[in-house]
Amino acid sequence: MVESTIHATQAVVTLDVPIQGIVWGSIITVNMWAKSIGTGVVFLAAFLWFRHDKEDMPNLKWAMPLIAFLAINVFLFFTLIDLHQPYRMIHIFTHPHWTSSITVGAWMASLFLGLLTILLAIGVGTKFPGLPYKGCLLTKFGRNNASLYEKIFPFLVFLAIPVTTYTAIIMAQSSARELWQAPTEVMQMMWAALMAGSAALIFISGEWSKEARKDLALILAISTFFSFAMYMSEYFFSFKSSEAEAVLAFVHSGGAYNIVFWIGLTLGFIIPFFIAVGNMKSDNKTLLKFAALSALVGLFLVKDVWLKIPQLLPLS
């Protein structure tokens, strides 16, 4: 923004100057990546509790809200530090404009975090009744409200859907960014949530039944397969506009983004897919954890490239 004052008339002349280069950088990538983990573990917990007895996954009741709580707070923190005026976030709650996707998303994410905090307090309070001492308020709250957990959880699952997808709407509203189309971005974020959620829960599944781990491996295999298919369809068949083709040229050309993109696809989708498929036949905890780590690292790299390359194309 460039301003100058004409002294004779005291008129202020304002000229909008477009910001060149990448505006949404790796901070936003961490934002989306953490959000995928936080919402994904909620989706997977609902699926696993529907399929199996809770005794098959003894630590899921407290570990799931703990992982989601940490991930969602990382998501909100990186959202906040990306703002040029962080204190303006208060206006979203004091003077909300409900036609704004950012306002709606912020309210839903805050409500999601509030419900998640209640589940975390109940889960940790009932699992560790002596922490930090027997008279602990957390312990009392957990014991007195144990039945509240299952009543709140369906609302948490419902909220996880818009929380994990609303960023796709914001990206699709960005002018002159044809690669970020709402339908494909929504599905990419849903698959990313299932992929990240299954990967995160694999790390705590050591004491689970083999059937529960096989289901995690199945979801990881399905989500990596369809995520890879979506990125490949965009990569090879993006004929929506000349701009989308020009944007993908940054990846097609064989430069730095080409290398990072294919490393991300290999680590995030190809390797975990084959390991997960193989693990459905023979239960190998160590190999499955390696697939989960590879999926999380690769997902971050691919999302980072997909976020940055549309911003490299000049708007004029």
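The values are calculated or read from the model by the stated rules, or taken from the named source; none is laboratory data. All figures in this text were calculated on a predicted structure; none of them were measured in a lab. No Cβ is skipped: glycine too gets one built from the backbone with ideal geometry, and neighbour counts run over all protein chains shown.
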Subset of the stretch 137-168 [hydrophobic (A, V, I, L, M, F, W, C), at pLDDT below 80 and crowded, with 16+ Cβ neighbours inside 10 Å] | 138, 141, 168
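So that you can scan it fast, the table gives a plain yes or no per residue for (1) farther than 19 Å from residue 43 by Cα; (2) of a type in the set (A, V, I, L, M):
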residue: 204; (1), (2): no, yes
residue: 208; (1), (2): no, no
residue: 227; (1), (2): no, no
residue: 262; (1), (2): yes, no
In the stretch 229-244, residues that are at pLDDT below 90 and either under 30 Å from residue 47 (Cα atoms) or in a helix (DSSP H, G or I) (or both) total 11
All-but-one check, residue 36 against (1) among the small types (Gly, Ala, Ser); (2) surrounded by 22 or more Cβ atoms within 10 Å (Cβ to Cβ); (3) over 20 Å from the mean Cα position of the chain (by Cα), failing number (3)
Tell me, please, whether a residue that is under 24 Å from residue 167 (Cα atoms), among the hydrophobic types (A, V, I, L, M, F, W, C) and surrounded by 15 or more Cβ atoms within 10 Å (Cβ to Cβ) can be found in the stretch 213-220.
-> yes
Mind listing whichever residues of the stretch 51-69 are part of a helix (DSSP H, G or I) and either in contact (Cβ under 8 Å) with a residue 12 or more places away in the chain or within 22 Å of residue 224 (Cβ to Cβ) (or both)?
-> 51, 56, 60, 61, 62, 63, 64, 65, 66, 67, 68, 69
Could you give every pair whose Cβ atoms fall below 6 Å, whose first residue belongs to the stretch 171-192 and is closer than 14 Å to residue 35 by Cβ and part of a loop (DSSP other than H, G, I, E, B), and whose second residue is modelled with pLDDT of 70 or more and not hydrophobic (A, V, I, L, M, F, W, C), counting only separations of at least 6 or pairs across chains?
-> none
Take the residues in the stretch 74-101 that are surrounded by 10 or more Cβ atoms within 10 Å (Cβ to Cβ) and polar (S, T, N, Q), then tell me which one is nearest to residue 169 (Cα to Cα).
-> 101
If you check residue 16 against the conditions, is it modelled with pLDDT under 75 and within 18 Å of the chain's Cα centre (by Cα)?
-> no
Residue ranges of helices (runs of 4 or more DSSP H) in the stretch 245-316 with at least 2 members more than 25 Å from residue 34 (Cβ to Cβ) and modelled with pLDDT of 90 or more | 271-279, 285-308
